[in-house]
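Below is one structure, written out as structure tokens, with a few remarks after it.
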Protein chains: 2
Amino acid sequence: MRQNATLKKIAERLSLSISTVSRALKDHPDISAETKKKVTELADLLEYDPNPYAVNLRTHSSKEFAVVVPSLSNFFYHSFIRSIEEEAQTLGYSVIIYRSANDPKIEQNILKSCRHKRVSGIFIAITTETMDMEPFLKLDVHGIPVIFFDKVPQYESCNKICVGDDHAASLAAEEILKRGTENVLGIFGHLNMSITKSRLEKFISVLSQANDHINLNVVHASSADEAEQLTLSLIPNYKKKNFVIFCMSDEILSGTMKAVQRKGLSAPKDLGIIAISDGMIPKLFYPEITYAETSGYNLGKLAYDRMMKCIAGSSFAQTIIDESKLVTGGSM
Amino acid sequence: MRQNATLKKIAERLSLSISTVSRALKDHPDISAETKKKVTELADLLEYDPNPYAVNLRTHSSKEFAVVVPSLSNFFYHSFIRSIEEEAQTLGYSVIIYRSANDPKIEQNILKSCRHKRVSGIFIAITTETMDMEPFLKLDVHGIPVIFFDKVPQYESCNKICVGDDHAASLAAEEILKRGTENVLGIFGHLNMSITKSRLEKFISVLSQANDHINLNVVHASSADEAEQLTLSLIPNYKKKNFVIFCMSDEILSGTMKAVQRKGLSAPKDLGIIAISDGMIPKLFYPEITYAETSGYNLGKLAYDRMMKCIAGSSFAQTIIDESKLVTGGSM
DNA sequence: AATGTTTCCGCAAACGTTTGCGGTATTAAA
DNA sequence: TTTAATACCGCAAACGTTTGCGGAAACATT
């Protein structure tokens, strides 16, 4: 078990003091050019790298970001994480991933551990049951910036980066109006998700305000399988009629698509299909599904920006909405 | 900026020494029950948690695993990471994710940083260009266990956890034989990937040994788009004939499926489709695609097991192959 | 009463840094 | 030649733990 190079070893080999070596390495003006040269050369040779734990213990600052999500089996969060990781790497930060399993208890433990690790910052999508803001306030007291994303709390004065749910829903609704179809099957997620509510309300309002002949049927599914079953059982209602299915999320879309294929229907001939999605699933089909894009990747970039501003000091709370754009496949 | 509780503070409040507090908290036999009680109570009250940096500095051991992958936009790695994270959490380890971008330089930096952080262990899928084993040997010298997974080096004496490429390929080949179809289109990845070679060889050998009337056409695609184009242009060759398409990976499958849908064909009527996959993509279609499963999730469990054995001391090198199983959809 | 055992606890060093402060040469100014 | 300024550098404390060792009581044994 060999040891890593330390300041002490370099100092001994060069008959210098530890402090001189430390200063030489960070180009401190007190140190002569000659000494600096000797030190950096030996440091290179020995592959010296400061021990992060010692540095942290001394300076109270790590170079790590934490990303906390309810679940890891989710495209959106994956894109988000990828996005953060890309940015972080350029500045030498590393990214630690935590999964709360949608359990507020676990979430609290994670936050506590982040506090004790003194992470540089936290990106978090909270659980659906997170009520207590106290752990977050405590982080604030300790000077650890928190950026909420996607699933954000009601609480006002904090930094939130959200998908523009209404915007996405209205983009989809408008596209449906454009197609001129009056029979619409809207498949939404469970109502305990905040996004369900906002997407649903906007979707309904845009459709109904524009055309009062719209025949809209709204159903809720909380899994892909459920969406599949629901679609299967509802498709017969639209027999021979021209109709459109709107899927609120990737999960629902994937269930619905199976049902559509199973019934031997194909878009845009037999029906129209449109979704709100990150983009991965819609591109698997031919024709590609038209969707309003909610990009985890974009959200990541925005969140990272905000984080950097917080770290730099500009810390007033702010809510940023990532407006989505319509990506046209051939399914409408 | 409030401070976290420390041993020192607890000690002062209780007029004890720091060492006594430390020992009381870890249930050391030297400390009386009475003292232990007082200490733990105050510690709870103050929400004391040991400073991980101080602990690490002192003990030379962190509670962190590193997972290093070439890319994060890949189901397989995501399942793997999820799997590791699930296990790690139960023992209070955290998981740090690093992305090498398939660049050996970046990979080396990551490894160096892991060494200096003294991570408890490293799970790594190496880049396609990783030749130099020296950084890994150095980790070994420092007592940091490395588990290679999926993309592993040629080097013999190290711990490798791999997908059973031959096995998966032969499962698929056998299923094709079972169907009795003699026209086979095999779409494989680029030949610079090691998995391509092993899957291809086994696939060919199983097919040709069993039936010398097999008309096998092998092509290579290095992206989903390419697979789509290739499939589109080759399908006409099989006009009216009964044929099977084999897709070596998820990426290829997704391209191929688009082409198949575009041509208006459907399995198993017009053709057979079979793939090697993690399982996510095949389940999006109806009928679900039959596939030989290579599970990132399973691989994660195996890798974690191996890691724990290494940490516990049983450190002889070993190569573990995760044999895959056939998951029957309706596409054959 | 002297010695041997327990039981419980504190001292102090160490892990590898960072940094305020002070100190010694060297050079410039008086 | 003395004094003041400058350029370099080292001392030592601190960050929060862990742990070997030693020490003082309290008790049991001759």
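Taking segment B:231-281 as the range and being open to solvent by 10 Å² or more (accessible area, probe 1.4 Å) and over 26 Å from A:Lys269 (Cβ atoms) as the test, the residues that pass are B:Asn237, B:Lys241, B:Asn242, B:Ser249, B:Asp250, B:Glu251, B:Asp278, B:Met280.
If you go through segment A:26-79 and keep only what is within 8 Å of DNA strand C (Cβ to nearest atom) and of a type in the set (A, V, I, L, M), you end up with A:Ala54, A:Val55, A:Leu57. Residues in segment B:135-173 that are touching a helix residue (DSSP H, G or I) at 6+ places or on another chain (Cβ under 7 Å), under 14 Å from B:Ala317 (Cβ atoms) and among the polar types (S, T, N, Q): 1 in all. Yes or no: A:Lys37 basic (Lys, Arg), within 16 Å of DNA strand D (Cβ to nearest atom), in a helix (DSSP H, G or I) and more than 19 Å from the chain's Cα centre (by Cα)? Criteria met by A:Lys37. When the test is whether a residue is within 27 Å of A:Lys258 (Cα to Cα) and surrounded by fewer than 23 Cβ atoms within 10 Å (Cβ to Cβ), B:Ser223 passes it.
A:Val21 meets the conditions (1) of a type in the set (A, V, I, L, M, F, W, C); (2) within 8 Å of DNA strand C (Cβ to nearest atom); (3) within 14 Å of another protein chain (Cβ to nearest Cβ) in every case but one. The failed one is (3).
Residues checked against (1) β-branched (Val, Ile, Thr); (2) without any contact (Cβ under 8 Å) to a residue 24 or more places away in the chain; (3) in contact with an Asp or Glu (Cβ under 6 Å, 6 or more places away or on another chain); (4) in the same structural domain as B:Phe75 (by TED's automatic domain parsing):
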position: B:Thr127; (1), (2), (3), (4): yes, no, yes, yes
position: B:Asp132; (1), (2), (3), (4): no, no, no, yes
position: B:Gln154; (1), (2), (3), (4): no, yes, no, yes
position: B:Ala173; (1), (2), (3), (4): no, no, no, no
position: B:Phe188; (1), (2), (3), (4): no, no, no, no
position: B:Ser194; (1), (2), (3), (4): no, no, no, no
position: B:His213; (1), (2), (3), (4): no, no, yes, no
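If the condition is being more than 9 Å from every other protein chain (Cβ to nearest Cβ) and surrounded by 20 or more Cβ atoms within 10 Å (Cβ to Cβ), then segment B:52-66 contributes only B:Phe65. Per the listing B:Gly121, B:Gly164, B:Gly92, B:Gly143, the residue uniquely among the small types (Gly, Ala, Ser) and within 14 Å of the chain's Cα centre (by Cα) is B:Gly164. From (1) away from DNA strand D (no atom under 11 Å from the Cβ); (2) within 9 Å of chain A (Cβ to nearest Cβ); (3) over 28 Å from B:His142 (Cα atoms), pick out the condition that doesn't hold for B:Asn4. Unmet condition: (1). Considering only residues in segment B:282-300 that are over 18 Å from B:Asp166 (Cα atoms), outside any loop (DSSP other than H, G, I, E, B) and open to solvent by less than 50 Å² (accessible area, probe 1.4 Å), the one that is nearest to the other protein chains (Cβ to nearest Cβ) turns out to be B:Leu284.
The values are calculated or read from the model by the stated rules, or taken from the named source; none is laboratory data. Fair warning: this is a prediction, and the values are worked out from it, not measured in the lab. Using ideal geometry, Cβ is built from the backbone for each residue, glycine included, and neighbour counts are taken over all protein chains shown. Just so you know, the surface numbers come from the protein's heavy atoms only, side chains and all, with ligands and any DNA or RNA stripped out. Shrake-Rupley method; radii C 1.70, N 1.55, O 1.52, S 1.80 Å.
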